[in-house]
Amino acid sequence: MENNNKLLAKIKKLLKLARKNTNSHDASLALGRAQKMMREHRVTETDVALTEISESSSEGAPSNANKTPRYMSMLIEIIRQAFGVQSYLAWRIGKRTVVFYGPDKRPQVAAYAFDVLTRQMMSALREFSAGQRKSVKRTT
């Protein structure tokens, strides 16, 4: 498995060099080497592209309900759009988490943003609810 990862990393590096190099001779040489390695090891460009996909889980979700609350779905969708990632809900050690996946470090940033925004949202909700309870007590 480790050798496979090293191979994919080397091919990825050669393909990147072929795309970014301004010298056409060096670019074609790098592309030729990458294609040769891909043929020898039966690796496709999709295999190489998938090495850029990572995933990261949130610390937890504000609700463990079977049906995802609307506010949570909306927050997840906003984060997905803002960071260009996808997500799914999972259960980890008895609590619900949101798993973000996508290219590069985007999932880690998205999971962090979800955790921070969830804490702020839940704090604001508690503050609002406390204010509502106080106003109900005053009217009675």
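The values are calculated or read from the model by the stated rules, or taken from the named source; none is laboratory data. Quantities reported herein were computed from a predicted structural model and do not represent experimental measurements. Here Cβ is always computed from backbone atoms with ideal geometry, including for glycine, and neighbour counts include all displayed protein chains. With ligands, DNA and RNA removed, areas are computed over all heavy atoms of the protein, side chains included. Shrake-Rupley method; radii C 1.70, N 1.55, O 1.52, S 1.80 Å.
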Quiz item: Which value, in debye to the nearest 20, gives the size of the charge dipole of the chain about its Cα centre, when Lys and Arg are +1 and Asp and Glu are -1 at the Cβ?
Solution: 460
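Using a 1.4 Å probe on the protein heavy atoms, what percent of the accessible area of the chain belongs to carbon and sulfur?
Numbers: 5510 of 10150 Å².
Carbon and sulfur atoms account for 54 percent of the accessible area of the chain.
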Practice problem: On a C-alpha basis, how far is the centre of the stretch 99-126 from the centre of the stretch 9-55 in Å? Whole number, if you could? | Solution: 33
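ALA124 to LYS13: extension gain in nm, 0.36 nm per residue of separation minus the Cα-Cα distance?
35.3 nm is the gain from fully extending ALA124 to LYS13.
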Self-check item: Number of Lys pairs (Cα under 20 Å; 8 or more positions apart or on different chains) in the chain
Solution: 15
Quiz item: In µm²/s, what is D for the chain at 37 °C and 0.692 mPa s, where D = kT/(6 pi eta Rh) by Stokes-Einstein and Rh is the Kirkwood radius from Cα pairs?
Solution: 177
Quiz item: Taking the chain as a Gaussian network, Cα atoms linked when under 10 Å apart, which of LYS95, LYS20, LYS36 shows the biggest mean-square fluctuation?
Solution: LYS20
Quiz item: Given springs between every Cα pair under 10 Å in a Gaussian network model of the chain, which of VAL98, VAL85, VAL116 has the largest fluctuation?
Solution: VAL116
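So between LYS20 and GLU77, what do we pick up on full extension, going 0.36 nm a residue minus the alpha carbon distance? Spell out each step's value before the answer.
Values: separation 57, 0.36 × 57 = 20.52 nm, distance 3.34 nm.
Extra length available between LYS20 and GLU77 comes to 17.2 nm.
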Practice problem: Return one whole number: the accessible area per residue of the chain in Å², for a 1.4 Å probe. | Solution: 73
Quiz item: How much length is gained if the chain between SER63 and TRP91 is pulled fully straight, taking 0.36 nm per residue apart and subtracting their Cα-Cα distance, in nm to one decimal?
Solution: 8.9 nm
